[in-house]
Amino acid sequence: MPLAAAQKRLKASLKGEVRLDEPMARHTTLRIGGPASVYAVLDTLADVAAALTVLAEEGVEWTVVGKGSNLLVADQGYRGAILVLGREFKRHSVEGATMTSGAGAPLAALVQEAFQRGLSGMTWGVGIPGTLGGALAMNAGTREGAICDVVDRVTVYLPGEGMRMLHGDEISWGYRNSSLAGSGIILESNLKVIPGDRLRIRAEMERALARRKGTQPIGTPSAGSAFRNPEGDSAGRLIEAAGLKGTRLGGARISDIHANFIVNEGGATAADVLGLMRKIIRSVRDRDGIELEPEVRFLGTFGEA
Ligand code: EPU
């Protein structure tokens, strides 16, 4: 059994904590998800190297998870290894106009740090959940800005190759995606932050937060936007126009506040969320001829509709 061998070897070789059959509901903002065969915290660079070697040798699938804020994990769980960046990758520091941070740091901590030091360029990140690594992988942002606007360099660890440093312009950045996704493990990034006026930074942050609070179901478990916005339109608008706002399935519900958010009102399963997503896709296709594409990442095996 490659999984059992990998579990044993990871437990023996990593500094960071290794848990077996860890319920992913504890690690996703939707509070949904069955067990991951391995849940390993990588505290050091040596942990990263060791984990990738063991998983390659044992032929076990793996994926990196940040704060689980854009993730739908199957009720049956994930037969593979979830890798999470720990201690050494949560630190950040500022020197001049450069903020250097491990990919495991919460984006919110970097937004706050920039504000405290009167550095601008990060205000778009107010209220965006997740880690820096997750933000880089999906080019997180809003209409006001995105992480790609401030990236100077990113350090990644490529399986079989080791560390590699990429300049911001060597990375392809798209709408809610980047070429960093799926290619190794993002370890660290240097962000360009420029001195600004603290009062203005605060005002921008307050405006962004107020807008978010007024239009999104903050405080109820969700995975953020369920679908990407189609070119020139808005998924939320289309879902509302299809009459689906407030639709319930089991413990999941299409938010009354923003139709592109599916919330867990308590006890929702991944199947409930997926059922609502399929209903949305069908309804919008039938009504508008538009094929909505999920923004949330799926992990594990899901049944057919
Ligand atoms: N709308 C409706 N009904 C709804 C929701 C929205 O008609 O239920 C309409 C709004 O009135 C507005 C338009 O749709 O005219 C766009 O809505 P909104 O301004 O809320 O922005 P969005 O396009 O739905 C995007 C991002 C959010 C980000 C906000 C603010 C996507 C898929 N979503 O939302 O990102 O917070 O802009 O910048 O790109 C995320 O990616 O997880 C996320 C929350």
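The values are calculated or read from the model by the stated rules, or taken from the named source; none is laboratory data. Worth saying up front: this structure is predicted, and the values here are computed from it rather than measured. Here Cβ is always computed from backbone atoms with ideal geometry, including for glycine, and neighbour counts include all displayed protein chains.
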Scan region 149-166 and tell me whether some residue there is touching a residue at least 12 places away in the same chain (Cβ under 8 Å) and part of a helix (DSSP H, G or I).
yes
Any residue at all in region 277-299 that is among the aromatic types (Phe, Trp, Tyr), more than 9 Å from the ligand (Cβ to nearest atom) and within 24 Å of Met24 (Cβ to Cβ)?
yes
Considering region 122-133 alone, what residues qualify as being in a helix (DSSP H, G or I) and either touching a residue at least 24 places away in the same chain (Cβ under 8 Å) or at positive phi (or both)?
Thr123, Trp124, Leu132, Gly133
Set Leu30, Leu52: member being part of a helix (DSSP H, G or I), in contact with a Leu (Cβ under 9 Å, 6 or more places away or on another chain) and surrounded by 20 or more Cβ atoms within 10 Å (Cβ to Cβ)
Leu52
For region 215-252, give me the residue count where each residue is part of a helix (DSSP H, G or I) and more than 9 Å from the ligand (Cβ to nearest atom).
0
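Residues are listed down the side, and each one gets a yes or a no for (1) in contact (Cβ under 8 Å) with a residue 12 or more places away in the chain; (2) loosely packed, with under 14 Cβ neighbours inside 10 Å; (3) of a type in the set (Gly, Ala, Ser); (4) farther than 17 Å from Ile32 by Cβ:
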residue: Ala235; (1), (2), (3), (4): yes, no, yes, yes
residue: Ile262; (1), (2), (3), (4): yes, no, no, no
residue: Glu265; (1), (2), (3), (4): yes, no, no, no
residue: Ala268; (1), (2), (3), (4): yes, no, yes, no
residue: Val284; (1), (2), (3), (4): yes, no, no, yes
residue: Phe298; (1), (2), (3), (4): yes, no, no, no
Residue count for region 258-272, restricted to those that are touching a Gly at 6+ places or on another chain (Cβ under 9 Å) and either part of a helix (DSSP H, G or I) or more than 7 Å from the ligand (Cβ to nearest atom) (or both)
10
With the structure loaded, tell me whether Asp47 is surrounded by 21 or more Cβ atoms within 10 Å (Cβ to Cβ), of a type outside the set (Gly, Ala, Ser) and closer than 19 Å to Met163 by Cα or whether it fails that test.
yes
Which number in (1) near the ligand (Cβ under 10 Å from one of its atoms); (2) buried (at least 18 other Cβ atoms within 10 Å of the Cβ) marks the one condition that Arg211 misses?
(2)
Quick one: count up the residues across region 76-110 that are more than 15 Å from the chain's Cα centre (by Cα) and surrounded by fewer than 21 Cβ atoms within 10 Å (Cβ to Cβ).
17
For region 188-227, name all the residues that are modelled with pLDDT under 95 and touching an Asp or Glu at 6+ places or on another chain (Cβ under 7 Å).
Ala208
Given the conditions (1) crowded, with 19+ Cβ neighbours inside 10 Å; (2) within 17 Å of the chain's Cα centre (by Cα), every one holds for Thr63 apart from (1)
Does region 75-121 hold any residues that are in a strand (DSSP E or B) and closer than 24 Å to Ala36 by Cβ, and which are they?
Tyr78, Arg79, Gly80, Ala81, Ile82, Leu83, Val84, Leu85, Gly102, Pro106
Ile171: over 25 Å from Gly102 (Cβ atoms), in contact with a helix residue (DSSP H, G or I) (Cβ under 9 Å, 6 or more places away or on another chain) and surrounded by fewer than 19 Cβ atoms within 10 Å (Cβ to Cβ), yes or no?
no
I'd like to know if region 100-111 contains one or more residues that are within 12 Å of the ligand (Cβ to nearest atom) and in contact with a Ser or Thr (Cβ under 6 Å, 6 or more places away or on another chain).
no
Scanning region 174-203 for residues that are on the phi > 0 side of the Ramachandran plot and more than 16 Å from the ligand (Cβ to nearest atom), which turns out surrounded by the most Cβ atoms within 10 Å (Cβ to Cβ)?
Gly184
